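Only one structure is covered here, and it is reproduced in the block below.
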Amino acid sequence: MCGRYVLVTPPPVLASRFGARLAPGVEERFVPSYNVAPTRTVLGVAAGADGERVLDAYRWGLVPSWARDASIGTRLFNARAETLARKPAFRAAFARRRLAVVADGFYEWRREPAGRRQPFFLSRPDGAPLAFAGLWESWRDPGRPDDPGASVRSCTIVTTAANEDVAPVHDRMPALLEAGALDAWLDPLADLEELEALLRSPRGGTLVRRPVDRRVGDVRNDSPALLAEREAASDPRVAERRRPAPRRAGRSGAAQGPAG
């Protein structure tokens, strides 16, 4: 799954990177966050009516057009790649309303031997933004048919099986869209079976991970300090760092330990 992520790159930079234009008001309303949670406003790239890519704002948590109220979105913030074409909540959006949810990285949690849950931050090695496969919907409150403010544009993030970068932490991860896959995913005429084939785990080395501050578990915490690296004894990377350094050889060739 993907239940928290980071988005701090300014919208104009994201629009340029993903070949999109900015929708009106997006830059002015953008609030960077180190702890994006479901129901928050997020940014996504979709194909506009003219076929041009558009970077716009969405509420995270899909609200299907047939929903009686918007609260269903609190449960539909992720969609499994394996069942997109069958699930009533997602199949219409999969066929006609696909987007790329943009992020700087995401969090996953792993239960440690002591029972505590340790968060890890995952991102590209070079820090470049990520594009998650996503779906979007437009919903209008049936009890307020004449109120322009009663419309909600929402989205969900598609997940797939974890690759080797994520598997030590969690068994699921966001479906990542690289350049060619992004073109196909946003193409309104794309074949759905071919799109399903895109939603597979990326190759190892696509992401790096590090254990971070446990305070990310509380959505009220939102600052760069959340990304400060913390030790997690059961993580192989941390175990490697904890391994004693090789002992230096002295003039006689014997290993030299610390003085005293």
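The values are calculated or read from the model by the stated rules, or taken from the named source; none is laboratory data. For clarity, every value in this text was computed on a predicted model and none was experimentally measured. Every residue, glycine as well, gets a Cβ built from its backbone with ideal geometry; the counts of neighbours run over all protein chains shown.
Things to note:
- Subset of the range 176-189 [touching a residue at least 60 places away in the same chain (Cβ under 8 Å) and surrounded by 14 or more Cβ atoms within 10 Å (Cβ to Cβ)]: Leu177, Leu182, Trp185, Leu186, Asp187
- Helices (runs of 4 or more DSSP H) completely within the range 174-243 that count 3 or more residues being closer than 26 Å to Trp109 by Cβ, at pLDDT below 95 and out of contact with any strand residue (DSSP E or B) (no Cβ under 7 Å at 6 or more places or on another chain): 236-242
- Of all residues in the range 1-31 being in a loop (DSSP other than H, G, I, E, B) and of a type in the set (A, V, I, L, M, F, W, C), the one that is nearest to the chain's Cα centre (by Cα): Cys2
- Scanning the range 45-101 for residues that are among the acidic types (Asp, Glu) and closer than 14 Å to Trp136 by Cα gives a single hit, Asp56.
- A Cβ distance below 7 Å, combined with a sequence gap of six or more or placement on separate chains, defines the contacts here; from the range 202-226, residues that are in contact (Cβ under 8 Å) with a residue 60 or more places away in the chain reach residues that are of a type in the set (Val, Ile, Thr) and part of a loop (DSSP other than H, G, I, E, B) in the pairs Leu207/Val166; Arg209/Val169.
- Close Cβ contacts (under 6 Å, 6 or more residues apart or on different chains) running from residues in the range 36-64 that are over 19 Å from Ser151 (Cα atoms) to residues that are part of a strand (DSSP E or B) and hydroxyl-bearing (Ser, Thr, Tyr) comprise Val36/Tyr5.
- Search result, residues across the range 71-107 that are among the small types (Gly, Ala, Ser) and either surrounded by fewer than 17 Cβ atoms within 10 Å (Cβ to Cβ) or under 18 Å from the mean Cα position of the chain (by Cα) (or both): Ser71, Gly73, Ala79, Ala81, Ala85, Ala92, Ala95, Ala100, Ala103, Gly105
- Residue within the range 130-137 that is surrounded by fewer than 22 Cβ atoms within 10 Å (Cβ to Cβ) and without any contact (Cβ under 8 Å) to a residue 24 or more places away in the chain present: no
- Test result for Arg116, over 21 Å from the mean Cα position of the chain (by Cα), of a type in the set (Lys, Arg) and either closer than 26 Å to Ala184 by Cα or surrounded by fewer than 20 Cβ atoms within 10 Å (Cβ to Cβ) (or both): yes
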